[in-house]
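I have placed the structure first, in the form of structure tokens, so that the comments after it can refer back to it.
The values are calculated or read from the model by the stated rules, or taken from the named source; none is laboratory data. From a predicted model like this one, the values you see are computed outputs, not experimental measurements. All Cβ positions, even for glycine, are placed from backbone atoms using ideal geometry, and neighbour counts span all protein chains on display.
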Amino acid sequence: MSMRTPLKSVRHLGSAREGAGHFVLQRMTGVANAVLAVFLVWLVAKLAGADYAAARALLRNPFVSLGLLLLILSGVMHMRLGMQVIIEDYIHGEGAKLAVLALNTFFAILIGVASVFAILKLSFGA
């Protein structure tokens with residue numbers, strides 16, 4: 001005996017089978033952000049009162065640059081996933097939902113690329 005309604009059987013609408021992966025990825029980026037936030041607090045404390053030359057010298061350290069890059073990438077990914085959930089829950093028109101989801105992805109890519117470019121530019125001394 002099936003628990004499906006006749007309409008659901010005809011439309012074949014069911015689970016998209018990606019909810020658990022989305023949930024796990026959002027939690028993993030959240031944990032990564034919490035760990036990397038400690039690094040960011042250390043970096044801000046270290047740069048407090050420093051001039052531009054001192055900041056550039058510190059950012060040329062590959063470990064500092066790598067930590068900032070990881071923070072940016074994890075933060076942007078977490079932001080995109082969180083906004084995706086909000087958009088899917090609160091925007092009901094399919095066309096509007098697809099458009100806003102696309103804008104969300106493009107915005108996350110734009111922020112990520114601009115941030116990575118700035119960090120790489122500072123770390124390589126341009």
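Remarks
- Filter result for Val116 (farther than 20 Å from Gln26 by Cα, β-branched (Val, Ile, Thr), assigned to a helix (DSSP H, G or I) and out of contact with any Phe, Trp or Tyr (no Cβ under 9 Å at 6 or more places or on another chain)): yes
- Answer residue from segment 86-97, given it is of a type in the set (A, V, I, L, M, F, W, C) and surrounded by 14 or more Cβ atoms within 10 Å (Cβ to Cβ) and is nearest to Ile111 (Cα to Cα) among those: Ile87
- Looking only at segment 65-108, and only at residues there that are farther than 24 Å from Val35 by Cβ and of a type in the set (Val, Ile, Thr), the one that is modelled with the lowest pLDDT: Ile91
- Within the span defined as segment 70-80, every residue fails to be surrounded by 15 or more Cβ atoms within 10 Å (Cβ to Cβ), farther than 30 Å from Arg56 by Cα and either out of contact with any His (no Cβ under 9 Å at 6 or more places or on another chain) or among the polar types (S, T, N, Q) (or both).
- The sole residue among Leu7, Leu13, Leu25 that is out of contact with any strand residue (DSSP E or B) (no Cβ under 7 Å at 6 or more places or on another chain) and either surrounded by 12 or more Cβ atoms within 10 Å (Cβ to Cβ) or at pLDDT 95 or above (or both) is Leu25.
- Of all residues in segment 55-112 being of a type in the set (Lys, Arg) and in a helix (DSSP H, G or I), the one that is nearest to Val41 (Cα to Cα): Arg56
- Taking segment 27-46 as the range and being among the β-branched types (Val, Ile, Thr) and touching a residue at least 40 places away in the same chain (Cβ under 8 Å) as the test, only Thr29 passes.
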